[in-house]
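I have placed the structure first, in the form of structure tokens, so that the comments after it can refer back to it.
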Amino acid sequence: MTSSVRWATLVAAAVLALAGCSSLSKSERARALTAEKERQIAPDFTLKDATGRTVRLSDYRGKVVVLNFWATWCGPCKIEIPWFMEFEQKHKDQGFAVLGVAMDDDGWDAVKPFLESQRINYRVVMGTPEIGELYGGVESLPTTFMIDREGRIAQVHVGLVGKREYQDDIDRLLGGAGAARAGMGAN
């Protein structure tokens, strides 16, 4: 990303943070998820995590997944990461997972030290421009896809949104169809 895009992303995040992160009321957020019959299957991918292990999105079928495209230089991403760590800890036994897709140009050289310093408790893979294109051309960071238990995209958040909005989405997706399969899929 160019420095002007990074700057614009940071400015937008600051404006959202000052505005309370979301102007939607709770009832408007409740309607924000895409209707189940209209949800599209999230494109599958195969990437490596920080340990070199292969990760496929399809391995998470049966779980609610927060698929977060981010970078170490992204200010709004740094705001969300502690929330995602909390969600991972709180909901991991309910059939939930966070999967980070790092989009740093410097690759693992930048990402591994960041993961260690932040003690990130969820899986992170190294993204590629091709993976970003699979997801409609990820132009802004953070971009987060809320994926239901059937592997369908239920919501897309571009830029920083409020922690409460994420929690509401997670709660609704965990309480939806397929709750009995909470233990299925990858960790």
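Quick check: is even one residue across the stretch 140-147 under 12 Å from the mean Cα position of the chain (by Cα), among the polar types (S, T, N, Q) and closer than 21 Å to T72 by Cβ? Yes: one or more hits.
Return yes or no: is P129 at pLDDT below 95 and farther than 19 Å from E36 by Cα? Here the answer is yes, as P129 does meet what is asked.
Among what's in the stretch 41-55 and is out of contact with any helix residue (DSSP H, G or I) (no Cβ under 7 Å at 6 or more places or on another chain) and charged (D, E, K, R), pick the residue that is surrounded by the most Cβ atoms within 10 Å (Cβ to Cβ). Taking the candidates together, the pick is D49.
Scanning the stretch 135-174 for residues that are in contact with a strand residue (DSSP E or B) (Cβ under 9 Å, 6 or more places away or on another chain) and on the phi > 0 side of the Ramachandran plot, which turns out surrounded by the fewest Cβ atoms within 10 Å (Cβ to Cβ)? I'd like the intermediate steps shown before the answer.
The initial filter retains those residues of the stretch 135-174 that are in contact with a strand residue (DSSP E or B) (Cβ under 9 Å, 6 or more places away or on another chain), namely 135-136, 138-159, 161, 165-166, 169-170, 172-174.
Filter again for on the phi > 0 side of the Ramachandran plot, leaving 136, 151, 159.
On the way: G136: 13, G151: 20, G159: 16.
Here the residue is G136.
Residue count for the stretch 122-139 under the criterion of being more than 14 Å from the chain's Cα centre (by Cα) and under 25 Å from D93 (Cα atoms): the result is 0. Note on the stretch 111-156: among residues that are of a type in the set (G, A, S) and outside any strand (DSSP E or B), the one that is nearest to V66 (Cα to Cα) is G151.
Out of the helices (runs of 4 or more DSSP H) lying entirely within the stretch 1-107, which hold 1 or more residues that are modelled with pLDDT under 95, of a type in the set (S, T, N, Q) and farther than 17 Å from E139 by Cβ? Explain how you work it out, then say what you get.
Numbers: elements: 3-18, 26-30, 75-91.
By residue number, 26-30.
Filtered by the rule that a residue be free of Cβ contacts under 8 Å to residues at least 60 places away in the same chain, among the charged types (D, E, K, R) and either closer than 14 Å to L160 by Cα or buried (at least 18 other Cβ atoms within 10 Å of the Cβ) (or both), the stretch 56-100 gives K78, E88. Just wondering, is there one or more residues in the stretch 115-123 that are touching a Lys or Arg at 6+ places or on another chain (Cβ under 6 Å), crowded, with 19+ Cβ neighbours inside 10 Å and at pLDDT 95 or above? Scanning the stretch 115-123 turns up no residue that is touching a Lys or Arg at 6+ places or on another chain (Cβ under 6 Å), crowded, with 19+ Cβ neighbours inside 10 Å and at pLDDT 95 or above.
Looking only at the stretch 33-70, count every residue that is hydrophobic (A, V, I, L, M, F, W, C) and over 16 Å from the mean Cα position of the chain (by Cα) and tell me the total.
The number of residues fulfilling the criteria is 2.
The values are calculated or read from the model by the stated rules, or taken from the named source; none is laboratory data. Computed from a prediction, not measured in an experiment: that's the story for all the values here. Note that we place each Cβ from the backbone using ideal geometry, even for glycine, and neighbour counts take in every protein chain shown.
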